[in-house]
């Protein structure tokens with residue numbers, strides 16, 4: 001699975017609109033920005049859940065689903081990606097717990113998930129990145 005840093009640092013969000021809805025996504029998905037390559041970035045606020053500490057992770061996390069719509073992106077194969085992020089809000093760390101890639105016509109082309117939710121898999125959220133923007137939904141101030 002792609003590392004958190006490789007996935008999130010290239011995104012420089014150009015536009016923000018918490019009320020806008022991307023084409024083809026249900027109303028519970030909120031557009032939070034558009035990357036330089038025109039990938040639309042969405043979150044599903046209603047998906048936020050708190051997970052209690054576990055044997056491999058001694059801290060509470062909040063998870064949220066995010067979507068990446070590449071159908072209008074330049075230089076990228078058209079399609080979508082749905083990603084489950086888990087955030088350690090107190091320490092501002094995150095884990096990409098699962099991801100599913102879809103073709104433009106909705107067929108699943110790849111599924112990935114971490115084998116376990118271990119504390120050592122969480123990485124620091126860099127300020128002013130997509131990870132930080134998504135974390136704002138999962139971990140409201």
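The values are calculated or read from the model by the stated rules, or taken from the named source; none is laboratory data. Worth saying up front: this structure is predicted, and the values here are computed from it rather than measured. Here Cβ is always computed from backbone atoms with ideal geometry, including for glycine, and neighbour counts include all displayed protein chains.
Modelled with pLDDT of 95 or more, over 15 Å from the mean Cα position of the chain (by Cα) and over 18 Å from residue 128 (Cα atoms): does that describe residue 44? Full working, then the answer.
Details: modelled with pLDDT of 95 or more: yes; over 15 Å from the mean Cα position of the chain (by Cα): no; over 18 Å from residue 128 (Cα atoms): yes.
No: the conditions fail for residue 44.
Can you name the strands (runs of 3 or more DSSP E) wholly within region 41-135 that have at least 1 residues being within 19 Å of residue 31 (Cα to Cα), touching a strand residue (DSSP E or B) at 6+ places or on another chain (Cβ under 9 Å) and without any contact (Cβ under 8 Å) to a residue 24 or more places away in the chain?
Numbers: elements: 61-69, 79-88, 93-103, 108-113.
Ranges flagged: 61-69, 79-88, 93-103.
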